[in-house]
Structures are given as C-alpha cells and as structure tokens.
Amino acid sequence: LGVGPQVAFRPGPHVGLRANAGFLSLSRDEEVDDINYDGEADLNSYGAMLDWFPTGGGLRISVGGRVNNTEIDLVGRPTTNVTVGNTTYTPQQVGTLSGTVTTDDFAPLVTIGYGGTLSEGFTIGAELGVLFQGEPQIGDLRATGLLASTPQLQADIEREEREIEDDLSDYDMWPIVQVEFLYRF
C-alpha cells in the first residue's frame, strides 16, 4: 500500500477504528508479447478499517475499504520488429506505445495483525491481508509512430490491450504485508 500516516482509536478492549493513507512510487520493466514496457507504479490510496480484538490484547482481525487511486504508466519503445495484435510492425511504424493501468476505484480489504508495546507509548505491529482491487484495466493504449492513426494499427492496439489485461488478470487481489510503528497518546 506504500508508506504513510495512520490514526487509530480503540474505544474498548475488543473494537478499534483506523484511518490511513499510503503512497509510494515503484519502477519495473515487463515484457508482454515481445514488447518491453517500462512501468511506473504510483501507489496512492487511503481508507478506514474496523478492528476486532478477539482476546482484548494485541491480536486483531480487520475489515475495511480503500479509495484506490493507484495507477501504472506503461511505455514501450520497440527497437526491433514487433507483433502488435496480429500484425508485425517496424519500430518506426509503431513508435512508442503508452497507456495507463488502473484498478477499481474502491477496494475492500481484510487483514490479520498484531501490535505489541515496545515501551511506554511506543508500539510496533505487523499486518497480513489482501486488498480486493478488481482486475486491472489498461486505458487508452496509443502509438506515436508512422502508422499510429491507421485503422489496422488501431485494431491491433485494441488486441494488444486485451492481451495486456489478460496478463494482469491474476492481480485482482493485492497482497498486504506491512509493519507499523505507532505512538500512543
């Protein structure tokens, strides 16, 4: 989810509420159908959690939701002939392929965690869970090359979008592993 602030309120021994935000940028290169894409992921989300402490101690089971503004910008710059959709093109004909991958705007999540006291006021915690973000969708994949506006390349780009989405379909659930450092007022 990234790095960010969190505010927590525990009105009783078995119930708590949290609100938090997460931000982080990551870069990764990925090959899809012989085209190397540079990916820039901007993790950006915020949300709220309802915590249940079954033993009244530090163990918690949480459910909540996040407004998920995470995006991945993709840029592919072919240097050799590539197949886009069903047609082979030269690098000059395609130019640069670019688009943005997004997920659902709202994402429910469930986690299990534990927080323990380090010293008076200071707590460290850990949390594992999953964010149900929906299947990633690529929007507006476009080319800048010599054939960018031709119907054939446009149709092939639409097929390329579907192939990228098929490759990303396994990422409809995002794992959550986080460490928390808290100060209790």
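The values are calculated or read from the model by the stated rules, or taken from the named source; none is laboratory data. Predicted model only: the values in this text are computed from it and were never measured. Here the Cβ is made from the backbone with ideal geometry for all residues, glycine too, and neighbour counts use every protein chain on show. The protein model used for the area step is the full one, side chains on, heavy atoms only, and it has no ligands, DNA or RNA in it. Shrake-Rupley method; radii C 1.70, N 1.55, O 1.52, S 1.80 Å.
Just one of LEU147, LEU182, LEU153 is over 15 Å from the mean Cα position of the chain (by Cα), aliphatic (A, V, I, L, M), farther than 28 Å from GLU135 by Cα and modelled with pLDDT of 90 or more; which is it?
Being over 15 Å from the mean Cα position of the chain (by Cα), aliphatic (A, V, I, L, M), farther than 28 Å from GLU135 by Cα and modelled with pLDDT of 90 or more holds for just one of LEU147, LEU182, LEU153, which is LEU147.
Assuming ASP104 fulfils every condition listed in (1) charged (D, E, K, R); (2) open to solvent by 40 Å² or more (accessible area, probe 1.4 Å); (3) at pLDDT 90 or above; (4) part of a strand (DSSP E or B) apart from one, which condition is it?
Among (1) charged (D, E, K, R); (2) open to solvent by 40 Å² or more (accessible area, probe 1.4 Å); (3) at pLDDT 90 or above; (4) part of a strand (DSSP E or B), the lone unmet condition for ASP104 is (4).
Could you look through the stretch 24-61, keep only residues that are open to solvent by 90 Å² or more (accessible area, probe 1.4 Å) and not in a strand (DSSP E or B), and pick out the one that is farthest from GLY116 (Cα to Cα)?
ASP34
Counting just the residues of the stretch 1-14 that are open to solvent by less than 90 Å² (accessible area, probe 1.4 Å) and without any contact (Cβ under 8 Å) to a residue 12 or more places away in the chain, which one comes out nearest to GLU71 (Cα to Cα)?
Per the criteria, the residue is PRO11.
Given the options THR123, THR117, name the one that is assigned to a strand (DSSP E or B), hydroxyl-bearing (Ser, Thr, Tyr) and either open to solvent by 30 Å² or more (accessible area, probe 1.4 Å) or in contact with a Pro (Cβ under 6 Å, 6 or more places away or on another chain) (or both).
THR117
Please go through (1) over 27 Å from ASN69 (Cα atoms); (2) in contact with a strand residue (DSSP E or B) (Cβ under 7 Å, 6 or more places away or on another chain); (3) surrounded by 15 or more Cβ atoms within 10 Å (Cβ to Cβ) for GLY145 and return the number of the only condition it doesn't satisfy.
Here GLY145 clears every test but (2).
Here is a check on your reading of the model: is THR88 of a type in the set (Val, Ile, Thr) and either modelled with pLDDT under 90 or within 14 Å of the chain's Cα centre (by Cα) (or both)?
So THR88 does not fit the description; no.
Those residues that are more than 19 Å from ASP29 (Cβ to Cβ) and either open to solvent by 40 Å² or more (accessible area, probe 1.4 Å) or not in a strand (DSSP E or B) (or both), I need them from the stretch 88-101; list them, please.
THR88, THR90, GLN92, GLN93
Would you confirm, using the coordinates I've provided, whether GLY145 is under 19 Å from ASP38 (Cα atoms), small (Gly, Ala, Ser) and in a loop (DSSP other than H, G, I, E, B)?
yes
Does LEU17 count as among the hydrophobic types (A, V, I, L, M, F, W, C), exposed (fewer than 14 other Cβ atoms within 10 Å of the Cβ) and either free of Cβ contacts under 8 Å to residues at least 60 places away in the same chain or part of a strand (DSSP E or B) (or both)?
no
So for the stretch 128-138 (the condition being modelled with pLDDT of 95 or more, small (Gly, Ala, Ser) and open to solvent by 20 Å² or more (accessible area, probe 1.4 Å)), does at least one residue qualify?
Yes, because at least one residue in the stretch 128-138 is modelled with pLDDT of 95 or more, small (Gly, Ala, Ser) and open to solvent by 20 Å² or more (accessible area, probe 1.4 Å).
Working only within the stretch 156-185, note down all residues that are open to solvent by less than 70 Å² (accessible area, probe 1.4 Å), of a type outside the set (Val, Ile, Thr) and not in a helix (DSSP H, G or I).
ASP172, GLN178, GLU180, LEU182
Name every residue in the stretch 104-128 that is free of Cβ contacts under 8 Å to residues at least 40 places away in the same chain and closer than 21 Å to THR70 by Cβ, in order of residue number.
ASP104, ASP105
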